[in-house]
Amino acid sequence: MGSSTATTPEGNSSEILVRAEGIEKTYGSRLPFTRSVTVLTGADLEIRTGEIVGIVGANGSGKSTLMNILVGVLEQDGGTVERTGTVGWCPQEPLLYDRLTVGETFRLFGSGYGMTAEEIDEAKHRLASKLDFEQYLDYRIDQLSGGNRQKINLSIALMHDPDVLMLDEPYTGFDWETYLTFWDLAEELAADGTAVTMISHLIEEQSRLDRIYEVRDGQVYDVTDQEGETDATASERGEATDE
Amino acid sequence: MQRPVNGGKRPMNRVRTGIRSNVSTFLRTPLNVVLALLLPIVVIEGWGQAMAGLPSMPTVEAIPIDLGRLLGAIFGVAIIAGLMGLAQMISARAADRRLVQTGYPPRTLLATRLATLGGVTVVVAAVNYGVLWLTISPEAPVLTFVFLVLAGLVYAFLGALVGALLPRLFEGSLVVVFLAMMDAFLSGDSPLASDVPEFVEYFPLYHPKELLQEAMFQGTYTTGDLGFVAGYLMVLLVLVTVVFGMTMRTSGGWSA
């Protein structure tokens, strides 16, 4: 079983907010006729203040598993994770309460973050204006389109101004305008010192990333300075890789 | 870096916000409301008529149709409360994990769920009591109502436990429905279920049914039965707390 620790940030200009070392994860099952799947076999990575970090990799390579472990919603089998500051997590599928309205969703998750009613209200209006969902504040989550639901999913991760943002393909379903707004927002946050980490599939995005980690064969490789492209981006275009 | 500043104001009350969210979710699920209001009429009268043609038993004073209605009432409360408990846990599990990740304590979340279930159970028991009261006048009306609530709470907690253990609503519903049906039938002194084995005494509805039957037809109750039900509730509460805590466990925290 791995270990995890948490400390408070000290305000260094390039402070490490998340450090993972030797992360191992296997999905096992006690049921007969099922197989265990080994996903991570010793993954290491660091996330620093003010960076926009991309995690890339082929389908099934373990990107979401790695992010869930970094966030703390999934326990690793081995290795350590050190975390500093506060986190905002935007999962790949919107994990929200379908029967609550957008406003009620902000209040419930805001109470989880320990925010006051005024802070929650301010965050709700700020993000609704930025991501253009002001007209849907009284709508129930299950009455929203996929794109608008994803905006709420992202907003819940952002509402408490976290030190680290962990985003698992956060723009799924966004229209082009919202996609561009999302990137403006990510760059603003990074400029303010927030570490923005996202799982990305789009090759065009790689120029926007300060650091790129590729998950491959259970390990994590820093491919930021590598010339050309990663195995993952090649495979997503349907090209053969040497795996 | 921008951070929320409380400015001396208190954070939003998690318990109040949680219960309000749970109640809204319940009321906005039309099937819940329809089941809670209509099922009592169907099961109470249906069970009564089903037993009306059966012969009276020497060991049971109540006439079969009244006993049938009583069993229908206890089944009606149990099945609705059990399914509500199940749905509260299963349908929200993934979102619950995210809520816990934000810092919402799992025990507070569970407490808001159980408090909501308690409220729903009282309402469902009141509806069942009302339907029952139209056909039978209980000897001890308050005790009869209280014991109906207790029967509902047992199944509400049982449903919550099944919901915390099983992954999907379909499987969970089958477990709760079949268990409640067998339980109410075998615990019910029905001539069709005579010579039941002794372990039926440990079924969830056995002692609530004994309490209800005594309060309804004789106006009294047995302390031993009440103690058994209280113990049953305590054990279920501990099990639900442990299992829910395990399903909501996160690996390490983030400093606030």
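Taken together, the values in this text are just the output of simple stated rules run on the coordinates, not laboratory data. This one's a predicted model, so the numbers in the text were calculated from it and none came from an experiment. Every residue, glycine as well, gets a Cβ built from its backbone with ideal geometry; the counts of neighbours run over all protein chains shown.
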Rounded FRET efficiency, nearest 0.05, which uses the C-beta distance separating B:Val122 from B:Phe199 and R0 of 30 Å = 0.50
Histogram of C-alpha separations across region B:17-249, 10 Å bin width, % = 8, 34, 35, 17, 6, 1, 0
Specify which residue in the list B:Val77, B:Ala94, B:Tyr221 is farthest towards the positive end of the charge dipole of region B:17-249, using unit charges on the beta carbon of Lys, Arg (+1) and Asp, Glu (-1), about the Cα centre.
-> B:Ala94
Run the numbers on chain A and let me know its relative contact order in percent, using alpha-carbon pairs under 8 Å that are six or more apart.
-> 29
Distance (nanometres) between label positions extended 7 Å along Cα→Cβ at B:Leu237 and A:Arg30 = 2.8
Among all stretches of chain A without exposed trypsin sites (Lys or Arg not before Pro) (DSSP loop, at most 14 other Cβ atoms within 10 Å), which one is longest?
-> A:36-236
Please give the residues of region A:76-111, grouped as numeric ranges, whose backbone N is less than 17 Å from a label point set 7 Å along the Cα-to-Cβ vector of A:Glu15.
-> A:82-88
Scoring region A:3-135 by relative contact order with C-alpha pairs under 8 Å, at least six apart, yields a percentage of 28
For chain A, built as a Gaussian network whose Cα springs stay under 10 Å, the top-fluctuating residue of A:Asn68, A:Asn148, A:Asn59 = A:Asn59
Where Lys and Arg each count +1 and Asp and Glu each count -1, what net charge lies around B:Gly231 among other residues with Cβ under 14 Å from its Cβ?
-> -2
Using eta = 0.890 mPa s and T = 25 °C, Stokes-Einstein with Kirkwood Rh from Cα pairs puts D for region A:91-162, in µm² s⁻¹, at 207
Under the Karplus relation 6.51 cos²θ - 1.76 cosθ + 1.60, θ = phi - 60°, what is the ordered set of whole-Hz ³J(HN,Hα) values for region B:121-135, x standing for Gly and Pro?
-> 4, 4, 5, 5, 5, 5, 5, 4, 4, x, 5, 5, 5, 5, 10
Reduced to Cα centres, the span from region B:74-98 to region A:99-115 in Å works out to 21
Pairs A:Lys151/B:Lys9; A:Lys25/A:Lys63; A:Lys25/A:Lys151: which are spaced more than 23 Å apart, C-alpha to C-alpha?
-> A:Lys151/B:Lys9; A:Lys25/A:Lys151
Interchain or sequence-distant (5+) residues whose placed amide H lies within less than 5 Å of the amide H of A:Leu165 are A:Gly88, A:Ala195, A:Val196, A:Thr197
For the protein assembly as shown, the fraction of alpha-carbon pairs in successive 10 Å shells from zero, as % | 4, 17, 24, 20, 15, 11, 7, 2, 0, 0
Net charge near A:Asp210: determine it from the other residues with C-beta under 9 Å of the C-beta of A:Asp210, scoring Lys and Arg +1 and Asp and Glu -1.
-> +2
Net charge over other residues, Cβ less than 9 angstrom from the Cβ of A:Met198 (K, R count +1; D, E count -1) = -3
Translational diffusion coefficient (Stokes-Einstein; Kirkwood radius from C-alpha pairs) of region A:19-151 at 10 °C, 1.306 mPa s, in µm²/s | 91
Volume per residue (Å³) of the convex hull spanned by the alpha carbons of chain A is 150
When the helices in chain A are scored as -39500 (n - 2.57) per DSSP H run of 4 or longer and the sum is shared across all residues, what 222 nm value do you end up with, to the nearest 500 deg cm²/dmol?
-> -9000 deg cm²/dmol
Proxy reagent accessibility, fewest Cβ within 10 Å first, across B:Met234, B:Met84, A:Met67 | B:Met234, A:Met67, B:Met84
